[in-house]
1. Using label points projected 7 Å from each Cα along Cα→Cβ, tell me how many nm separate T45 and I17, to one decimal.
2. FRET efficiency for L56 and R9, Cβ-Cβ distance as r, R0 = 35 Å, nearest 0.05?
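All of the numbers you see were taken from the coordinates with simple rules; none came from a lab. This is a predicted model, so every value here is computed, not measured. We place every Cβ from the backbone using ideal geometry, glycine too, and count neighbours over all the protein chains shown.
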Amino acid sequence: MNTNNTNHRFSYLLLVILTAAWLIQPCLTGAAHAGTVSLPQTGQTTTYAAGDDGALQIGVAWSNPRFTDNRDQTMTDNLTGL
């Protein structure tokens, strides 16, 4: 096979791949920054290793009271709304 022809095919393929990546890139970055998620704290208070939930205690604080009795044999979790 001609080396010059192979170089042209490689250059064309590289151009196609880079163009596709450039066109798709806004879709991927938009999905990564679509919104913020507020996760509740785990409730762990004991630290077993540096940087674990017991040490950091980050997240949304639990509501007080955490649960509400709906008086119809169901309960509502006031933290999640379920």
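1. 5.5 nm
2. With a Förster radius of 35 Å, E is 0.10.
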